[in-house]
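Below: one structure, written as structure tokens.
The values are calculated or read from the model by the stated rules, or taken from the named source; none is laboratory data. These figures come from a predicted structure and were not determined experimentally. Every residue, glycine as well, gets a Cβ built from its backbone with ideal geometry; the counts of neighbours run over all protein chains shown. Surface accessibility is based on the protein's heavy atoms, side chains included, excluding ligands, DNA and RNA. Shrake-Rupley method; radii C 1.70, N 1.55, O 1.52, S 1.80 Å.
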Amino acid sequence: MAPIILPLLSFLLLLLPTEVLSSPAPSPFHLGYPALRVGHALTDRELRNRDLAADTLSRCLSLSFPKPSTAENSTTATTQFYLAGNSTEYVQTSQPFNLNLPYQPVAIVAPTTVKDVATALKCANAAGVKVAARGGGHSYGAMGLGGKNGSLVLDMVKFNAIELGEDGVVSVGTGVRLGNLASALAEKGRALPHGICPGVGVAGHALHGGFGFASRLWGMTLDTIVSLDIVLANGTITSASETKNPELFWALRGAGSSFAIVTTIHLQTKAVPASGLSYTVNIPSNITSAIPDRVNAFLAVQNFSLTAPKELALRVLFAPAVDIRLTGVWWGDAAEFKSVMAPLLKSLPGAKVTSNNQTWVKVLQSLANGASLQQPLSGYDKHETLYQKSLSTTSTHPLTSKHLTSFFRFLSNEGKSASLPWYIFCDLFGGGNSAITSVPLSATSYTHRSDSLFTFQFYANTRTQRPPFPEDGLIFLDLMVRSITDEFDPEKGEVIKGYANYNDPRLDAEEAQRMYYGEESWDGSMGGESVVERLRRIKRMVDPERVIWNPQSFGAEPQAPGEGHDH
């Protein structure tokens, strides 16, 4: 029966009222922002068009993915879909990681095959509905749910295969989570650079960067990608690599969620390190009690970081009860660690180092605060109510005493009296010896490379982890970041940059693209096509109808006349 479904569907769609197929879908900017963004109410026409689109999509999905009969084996893998409503399946699968952003997709499809992904995309095209793929669902901005109400979500949970080849290339389904991947690889003596939270999905993590405590040694996760199996917005099944669809391959490694539905990622693994030395540097309060002392302590860390060896992972932690603390991992010879850290410790009198030499797996478990690497294949149920922002700094323009004095003054005053729990991670991405900075600027669309230094993640959550996140909490975190950036001087080249995996849902598309991808030339040439310009051009080529979409994706920015259109 399956081969006749699409022809039958095409015939039935031709019988639908013309306006269902030709009327423009409601503007994505009015389909439902969270409380922290403001959008005006839908007009009667927009409501009517939305309902017609939802009905068209429902009929298409029902024809394409019929429910299995009771006579069929219940364990048979079939593609399932859930329409918006109060069914248990829909409610469970539409839960965001960030509970403050409870978007309502028009439908959720859990495909089991690449062909079914293509079919779902064709249904979305026919109905004029935007599409988002969800891997792990950990997006801080709920972009895996579309970043708005009314999207079709492709839940990739059933794409959970992990296959390691003899050449060390691992093929990973885009429903796999980091912990499961790390555990499976470690059993074979292999590893990848990736983040420390086991529940994060591989797909979104790898397609927009993929920083972890082995990244200065091995690069970002996306730097290990050798090819991608993808489905284009029009349902075309293909792949991307250095030799096939090379421009698209460039775009997918850094801005992947804008360009295609990725079904399998092929990554070049590394041999597991012999060991890793986890360490903490505790700085006594007597040298961080005053703001100038904290400024000097951070400047010492920053100066050390500019030339730190690539084997060193380093994180600076700030929190209400922590003025400044260093943690990290040394991946080199344990006997060398003391001499590597000596210059830094000399500039931090009284600082004490504690360390623990561990296996690769034990290091990963320690970084995850003891959590199991193994995560459930379905039914993942960890949630928070949060808001977070990011800021990336450069070695060309490192933070100065002026920036840091303003920052630590804010932490000492507003930070100490804040009503919400908060923390700041300041991770060393770059420095002259980092593998991240050694990759050519033109290699991928992840472009904060050559002069990368630190990336800050500013994070606050509600005490109960339940919504809503308060408005004054948004303002608090904004002001925390601005305590640094208000002191930037653009004429000196001090510009605001961020990390796409720490996406701020309050940014519009143009703001997000400028912050996460920059306005520099993509190949480093003077006056050439910028990273953002190239990504927008590729988007127009592969998805002119802007079907694959979220509020910050390429294609979400205002369109010039003749540059593509919505359904």
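Rounded to the nearest 20 Debye, what is the dipole magnitude of the range 155-310 about its Cα centre when Lys and Arg each give +1 and Asp and Glu each give -1 at the C-beta? All intermediate terms of the calculation are to be shown ahead of the outcome.
Values: 10 positive and 10 negative charges, 64 e Å.
It comes to approximately 300 debye.
Computed from point charges on the beta carbon alone (+1 for Lys and Arg, -1 for Asp and Glu), the dipole magnitude for the range 369-447 about its Cα centre is near 260 Debye.
Counting charges near Thr444 (Lys, Arg +1; Asp, Glu -1) among other residues having Cβ under 10 Å from its Cβ returns a value of +1.
Counting only C-alpha contacts under 8 Å and six or more residues apart, can you give the relative contact order of the chain as a whole percent?
So the answer I get is 15 percent.
Measuring nothing but protein heavy atoms, the accessible surface of the chain at 1.4 Å probe radius is 54 percent carbon and sulfur.
Let me make sure I get this right: for the range 394-532, a, b and c are the square roots of the gyration tensor eigenvalues over alpha carbons, sorted descending. Under 1.5 in a/c it's rounded, otherwise prolate if a/b > b/c, else oblate. Which is it? It comes out prolate by the Cα gyration axes.
Lys and Arg at +1, Asp and Glu at -1: add these up for the other residues within a Cβ distance under 15 Å of Val340 and post the number.
Values: positive: Arg216, Lys310, Lys338, Lys346; negative: Glu311, Asp333, Glu336.
Around Val340, the charge tally is +1.
Where the centroid of each part is defined by its Cα atoms, how far is the range 201-245 from the range 380-396 in Å? Using only Cα atoms to place each centre, the spacing works out to 21 Å.
Quick check: from the Cα gyration tensor, does the range 289-416 come out rounded (a/c under 1.5), prolate or oblate? Since a/c reaches 1.5 but b/c is at least a/b, the shape of the range 289-416 is classed as oblate.
How much accessible area per residue does the chain have, in Å², with a 1.4 Å probe?
Details: 23170 Å² over 567 residues.
Result: 41 Å² per residue.
From the alpha carbon centroid of the range 261-279 to that of the range 304-323 is 22 Å. List the lysines whose Cα sits under 19 Å from the Cα of Lys346, skipping any in the same chain fewer than 8 residues away. Hits, sequence-local ones excluded: Lys338. Under the convention that each Lys and Arg Cβ holds +1 and each Asp and Glu Cβ holds -1, the size of the dipole of the chain around its Cα centre is about 940 debye.
Toward the positive end of the charge dipole of the range 398-550, about the Cα centre and with charges on Cβ (Lys, Arg +1; Asp, Glu -1), which of Leu441, Phe454, Ser401 goes farthest? Looking along the dipole axis, the top candidate is Phe454. Applying the Karplus relation 6.51 cos²θ - 1.76 cosθ + 1.60 with θ = phi - 60° to the range 442-452 yields 3J(HN,Hα) values of 7, 6, 9, 7, 7, 10, 7, 10, 4, 10, 4 Hz, where x marks Gly and Pro. Database remark: amide H of Gln375 closer than 5 angstrom to the amide H of Asn180 (H placed geometrically; neighbours at sequence offset of 5 or more, or on other chains; Pro and chain starts carry no H). What are the residues whose amide H is under 5 Å from the amide H of Ser239, where those residues sit 5 or more places off or on another chain and H is modelled from the backbone? Here the answer is Ile230, since their amide H atoms fall under 5 Å of that of Ser239. Please give me the summed charge of the neighbours of Thr288: other residues whose Cβ is under 12 Å from its Cβ, Lys and Arg +1, Asp and Glu -1. Here the charged neighbours net out to 0. Each Cα pair under 8 Å and six or more residues apart adds its sequence gap; the mean of these over the residue count of the range 381-490 is a relative contact order of 44 percent.
Explain nothing, just the number: relative contact order of the range 282-435, from Cα pairs under 8 Å at least 6 residues apart, as a whole percent. Please list the in-between numbers first.
Values: 130 pairs, mean separation 65.5, N = 154.
Answer for the range 282-435 is 43 percent.
Placing unit charges on the Cβ atoms of the charged side chains and taking the dipole of the chain about its Cα centre, the candidate lying farthest along the positive direction among Gly235, Phe259, Val281 is Val281. For the range 499-516, 3J(HN,Hα) computed residue by residue from phi via the Karplus equation (6.51, -1.76, 1.60; θ = phi - 60°) reads 10, 4, 6, 9, 6, 9, x, 7, 7, 7, 4, 5, 5, 5, 5, 5, 6, 8 Hz, glycine and proline entered as x. When the charge dipole of the chain is built from unit charges on Cβ atoms (+1 for Lys and Arg, -1 for Asp and Glu) and taken about the Cα centre, the candidate among His383, Leu83, Gly173 whose Cα reaches farthest toward its positive end is His383. Helix-only arithmetic for the chain: the sum of -39500 (n - 2.57) across DSSP H runs with n ≥ 4, divided by the residue total, places the mean residue ellipticity at 222 nm at -9000 deg cm²/dmol. Highest mean packing comes first when the peptides 140-150, 118-128, 90-100 are listed by Cβ atoms within 10 Å, giving 140-150, 118-128, 90-100.
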